[in-house]
Each structure stands twice: as structure tokens, then as C-alpha cells.
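Here's the structure, in C-alpha cells; my notes come after.
Any read-out appearing in this document is the output of simple, stated calculations on the displayed coordinates, not a laboratory observation. In this text, all values refer to a predicted model and were calculated from it rather than measured experimentally. Positions of Cβ are backbone-derived with ideal geometry, glycine not excepted, and every protein chain shown enters the neighbour counts.
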Amino acid sequence: MGSGETARIDNSAALTRVVGTSVNAINVYAAAADTGTVADVNATAGPLMGFVAANGDTATVANAALTIDNNSANAVTADGVTAFDFLTTTGTLSLSVADATKAYAGLAANKFCADFSGATACETGEVFTVTTDTGALTSPAANGAAVAAFPAQGATATVNVTFQADGTSSLGTSRTFAVSGTVNPQVGAAHAFADTANKNATWWTWSANAIELWSPYFSTAPGWISRFAFMNTGTAVGYTATCNAESGNTVANGAAVTGTLTAGMTVINAADVCTFSGNTRGNVRFIINAPAGNIHGAYNLVNATSGSTSISDMTRPFGTVAGTTW
């Protein structure tokens, strides 16, 4: 049939055709990176066990926003009339949030949630199932809570994701959550979320008003000079130390388990921090109320007889300084 000819069947009326348009039923993405969440070294429950109450976060619950686009306003089903969007189908929305930095440490049980209802967080159908470093949540369009928060066809809305601290564990000094997922509409193929603003991988980035420095081994054995040395490029700041030992070996806190790091250099004798009932060895964690870039630390062990010396940098378990990651 050449171009311009009209196709007919049994000399009936001319055939017509309607060309379908491919659309996505929904897209979920990070419109911008949220960097407002700060773990608080002065939290009521303990150092870094809560949040600074600012930027929409409370002392116990932090939140970050995801953007939802609910299709094109012109999208219709195959009949050419019925509106086609996520809410008018029996599709499913699957969210995946990765916390590779800290593997959800410090999270209260069943308290990582997407507040679809826009009212009360962590209702039925809003709670992520957390496995190691990934939180997963699948919500059907029929979920009443989801329907309450989803925008109308062709519109955009915001859904808050919340993280409630358990109040007994450190939240760390830095972590990054990445978001991804798929939508599986009633009609058409499933598709992955588009990274519209190129922010999905760094969607939610936490910091802290403190730094942690660890020494995985130190000794208080007689005949050795054992000490921790700190460099502080800022003003004087407070610190708190926690010591650990092998099973069956009791740790007692010394006078220097809390104190102040002055501007410049501070040296602390290990035996003044902690002592042990048995083997004179353990490890220590310092939480220091200062920005990560201001504090550096080393462990120094000297043989009192021979004068032989070893120096090892204390480790930074989380965070970045000047582009370097620990």
C-alpha cells in the first residue's frame, strides 16, 4: 500500500489509528541532597546517641524528603479516556535505601519509615524491613496510607523518610544513605527510578558535632610509658573515653576518662584513662566535641629502659577530612 492510500475493509469506513504514548506511572527521587542531619555529642541519652534538633530533625528522630512525580497529566489507559496514574492502578512501589557506611547502627526497631500518610510516621505499610545495610519497603497503590500522600495525576509531592534513634547506640560521626527502587504499574513494564537531580546516591548525608578516634590496642604494663597524644587545631574541647578489654578482664575508669583537649597538643597517660584487673591491655574509643578536621591523634608506647618507641595513628571509624575517607 503506497503512501497516501486509504485502507478499507470490505469497502467500510476508513480505518483510523491512535498512537499510544509511553509514560512512567511514577518517579521517586532525591530533589536535593539533605545534609542537615547532625548527630549530637551532647545528646541526653549519651554522646552521639541522638540528633541536633534543627533542620526538621528532633532530638530523637531525623528525616529527609523524597520527591514523588505522579505521571503526566495527559496519561490515559488504552481506552483513551480513563486517567492512568499510580493511584488508579493496582501497581506497587518498591523503595530501597542503602546505609553502607553504618549498616543502620543506632536505629530503633521498626523505626525507619516512609511517612506516606503525612500524619503519623511508621503506620502499617510505611515501615522498611532492614537487613544489614539495606532497608526495603514495597507499598501497593491500594495502601490507604500511600494514597493519602501521593500527589494527583500530573502533580508532585514530598514524602518524608524518618530514622528514630534507639538511644543506646552511637549514631557515628558520618554516614550517607542512597535511594533507589522500582515502580511496577498495573499496565506496562516495571521501571527503575530515574535519578532526576543526580542526587540519589548521596540523598541523605549525616555529619556530627564531634569526632571519634579509636585505638584498637593499648597497654598499661609496668616498664612502659603508654600515652595518647592529640593535636587540636581549634579551641579547647571536651572529650569522653570508653575502654574495653577481653572477656573476664574488668576495666576501671581513671580520672582522665573525661577531660579537655587544649588548643595545640594534649598528652594523656593511658593508665590515667583506664586500668585493668587482669591483662594490662585493651582498646579505647575517644569521642571529642570538635569538628573532624580539627582533631588528630596517635598512640605512643615507649620502653622505659631502652627508650625504644612506637607510634601509631588512632583510627577514624567514620567520616572524611580533606577528601580522605577512613
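Backbone amide hydrogens, once placed in the peptide plane, bring residue 108 within less than 5 Å of 164, 165, 166, excluding anything fewer than 5 places away on its chain.
Straightening the chain between residue 169 and residue 110 buys 19.7 nm, computed as 0.36 nm per residue apart minus the Cα-Cα spacing.
Starting from the Cα of residue 158, step 7 Å along the direction of its Cβ; do the same at residue 120; then give the gap between the two resulting points in nm. Spacing of the two 7 Å Cα→Cβ label points: 2.4 nm. Applying 1/(1 + (r/R0)^6) with R0 = 51 Å to the Cβ-Cβ distance of residue 253 and residue 136 gives a FRET efficiency near 0.80.
Legend: ranking of residues 111, 102 from fewest to most surrounding C-beta atoms inside 10 Å; resulting order 111, 102.
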